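The values are calculated or read from the model by the stated rules, or taken from the named source; none is laboratory data. Remember, it's a predicted structure, so these values are computed and weren't measured experimentally. All Cβ positions, even for glycine, are placed from backbone atoms using ideal geometry, and neighbour counts span all protein chains on display.
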Amino acid sequence: MARGQRWMAQGTEIFFDALATLPDDRLEGPTRLAGWSGKHLLAHLAANADALVNLAYWARTGEERPMYASREQRDADIEAGAKSPASELRAWAVRSAATLEERLGELDERQWSREVRTAQGRTVAATEIPWMRAREVMVHAVDLDAGVEFGDLPDGFLAALIDDITAKRSAAAERALTLTATDHDGTWTIPGSGEPAQVTGALADLAAYLSGRRPHGVTGADGGPAPELPRWL
């Protein structure tokens, strides 16, 4: 099993295990994502799996099928889904995750190499689809606020997530940063304006910081606060 597929499977298990601890009424309440309830988050995860099924279809057939009709339609579908009963949302999330796994399992070597387009407009090989899903289920398992923290996620995944985010932030001409992990032999540089700001923290905390989550233990130069970052995705 390829690395992305392994993390997708792990992340799916982590997410649904966390979800199972939440009673339906907790899904009505807030998550760690500002403005989103548990129902919003669950609708997003279910719709994301359906959207990635579209990319799997594109990879299998060569017929273009975008993830979403538009950003506006994606947001409207999440809002509509968040009004559904919790039982329906849970069933949708399980069903869409299973369908995605099945559709990806149908791809052969040639189809895995076919290029598709992400919701952000990037052209990637279909081999990136499992990584895109792993990123969603792992990070949103933390966002559920059901006991999962970034430190509970696999170190290899966290390092790959930091690689992914720093690459995206490097292309966005943000403030220059140099990030050093205190518990891992990783150092990451984001080119940009000004002298690079030095940011230090544990691997899990750096992943949280870069993804716009609560950066426990992340410090800037001289132990001060790390620079605020714009939205990641």
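Inside segment 153-212, can you point out the residues that are exposed (fewer than 15 other Cβ atoms within 10 Å of the Cβ), within 27 Å of ILE14 (Cα to Cα) and of a type in the set (Gly, Ala, Ser)?
GLY156, ALA167
Among the residues in segment 93-100, are any at pLDDT 95 or above and touching a Ser or Thr at 6+ places or on another chain (Cβ under 6 Å)?
Yes, segment 93-100 contains a residue that is at pLDDT 95 or above and touching a Ser or Thr at 6+ places or on another chain (Cβ under 6 Å).
Looking only at segment 11-25, how many residues end up being surrounded by 18 or more Cβ atoms within 10 Å (Cβ to Cβ) and either touching a strand residue (DSSP E or B) at 6+ places or on another chain (Cβ under 8 Å) or part of a helix (DSSP H, G or I) (or both)?
Counting residues in segment 11-25 that are surrounded by 18 or more Cβ atoms within 10 Å (Cβ to Cβ) and either touching a strand residue (DSSP E or B) at 6+ places or on another chain (Cβ under 8 Å) or part of a helix (DSSP H, G or I) (or both) gives 6.
Which one is nearest to ALA51 (Cα to Cα), of the residues in segment 115-151 that are part of a loop (DSSP other than H, G, I, E, B) and among the polar types (S, T, N, Q)?
THR118
Given the structure, is ARG6 within 24 Å of ARG213 (Cβ to Cβ), of a type in the set (D, E, K, R), buried (at least 16 other Cβ atoms within 10 Å of the Cβ) and out of contact with any Lys or Arg (no Cβ under 9 Å at 6 or more places or on another chain)?
Here the answer is no, as ARG6 does not meet what is asked.
Can you tell me which residue is nearest to GLY186 (Cα to Cα) among those in segment 152-162 that are part of a helix (DSSP H, G or I) and touching a Gly at 6+ places or on another chain (Cβ under 9 Å)?
Looking at residues that are part of a helix (DSSP H, G or I) and touching a Gly at 6+ places or on another chain (Cβ under 9 Å), I get ALA159.
Test of understanding: among LYS39, LYS83, which residue is in a helix (DSSP H, G or I), modelled with pLDDT of 95 or more and within 28 Å of ARG213 (Cβ to Cβ)?
Just a single option satisfies the conditions, and that option is LYS39.
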